[in-house]
Amino acid sequence: MQQLYIIIMRVVILVILLFFTLQIDIAKLPELNKIQVMKFDQFRPYLSRQNDTMYLINFWASWCAPCREELPAIQNAEKNFSKYKFKILLVSLDFPNQLKTHLLPFIKSNQIKSEVILLDDHDQNRWIDIVDPGWSGEIPFTVIYGKDFREFYSHSFRSEELDSILKLKLKLL
């Protein structure tokens with residue numbers, strides 16, 4: 001009788017541990033809900049929102065070394081300017097078939113909190129010119145815009161430069 005009780009207790013403990021393990025695994029994957037895969041026409045409205053918020057849209061990829069180097073500056077800006085009407089959108093140009101194997105692990109390991117969109121549109125010749133006719137397609141590429149301005153940057157940011165631009169645009173200087 002006592003042996004049966006021990007077996008039942010072990011099974012109950014195993015079920016409880018399994019339940020909490022599954023709960024933790026689900027909680028560790030908020031990125032799956034956070035990353036939207038879009039064609040350019042679905043994404044296009046993000047480039048021209050007309051409200052009182054300033055937007056930073058960064059085109060990047062996890063395989064791009066200069067993109068990876070500037071991500072800390074963008075993450076710092078998101079933290080430093082979080083009390084203002086300011087929003088960051090990271091537009092990944094990673095390969096869609098590598099979402100789970102490369103992009104999600106990269107976002108998780110770098111603790112990226114910004115909204116991420118995976119742009120799955122192979123007709124770059126069409127949409128690059130729509131974003132900016134002066135953009136040759138190199139990444140990183142950043143668009144910063146608000147109600148009264150739109151600026152384009154085709155280089156990696158360091159925190160000091162990005163913060164200076166954002167302060168100026170948010171009229172904090």
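Extension gain, Arg126-Gln36: 0.36 nm per intervening residue step, less the Cα-Cα distance, totals 30.3 nm. The Rg/Rh ratio of the range 54-98, with both radii computed over alpha carbons and Rh defined as the Kirkwood radius, is 1.03.
Using Cα positions and a limit of under 14 Å, work out the aspartates and glutamates in reach of Lys113, with same-chain residues fewer than 8 apart set aside. Lys113 reaches Glu31, Glu78. A Cβ-based charge dipole, computed about the Cα centre of the range 82-149 with Lys and Arg at +1 and Asp and Glu at -1, lands at about 560 debye.
Close amide H pairs (under 5 Å, H built 1.01 Å from N) link Leu118 with Gln36, Val37, Met38, Ser92, residues at least 5 positions away or on another chain.
A simple packing score, the average count of other Cβ atoms within 10 Å per residue, orders the peptides 72-82, 148-158, 42-52 as 72-82, 148-158, 42-52, with the highest score first. Across the range 31-169, the mean sequence separation of Cα contacts (distance under 8 Å, 6 or more residues apart), normalised by length, yields a relative contact order of 37 percent.
Be a star and scan the range 85-117 for residues whose amide nitrogen sits under 19 Å from the point 7 Å along the Cα-to-Cβ vector of Asp52. Only 85-88 fall inside the zone, counting backbone N under 19 Å. In a simple Cβ point-charge model (Lys, Arg +1; Asp, Glu -1; nothing else charged), the range 111-173 has a dipole of about 400 debye relative to its Cα centre.
Panel note: the C-alpha atoms of the range 75-173, placed on their principal axes, show extents of 44, 34, 21 Å (largest first).
The dipole here belongs to the range 31-169: it is taken about the Cα centre, uses +1 on the Cβ of Lys and Arg and -1 on the Cβ of Asp and Glu, and is about 540 debye. Between Leu172 and Lys100, the simple spin-label model (points 7 angstrom out along Cα→Cβ) gives 4.0 nm.
All of the numbers you see were taken from the coordinates with simple rules; none came from a lab. The structure displayed is predicted, hence computed values, not measured ones. With ideal geometry, Cβ positions are generated from the backbone for all residues, glycine too; neighbour counts draw on all protein chains shown.
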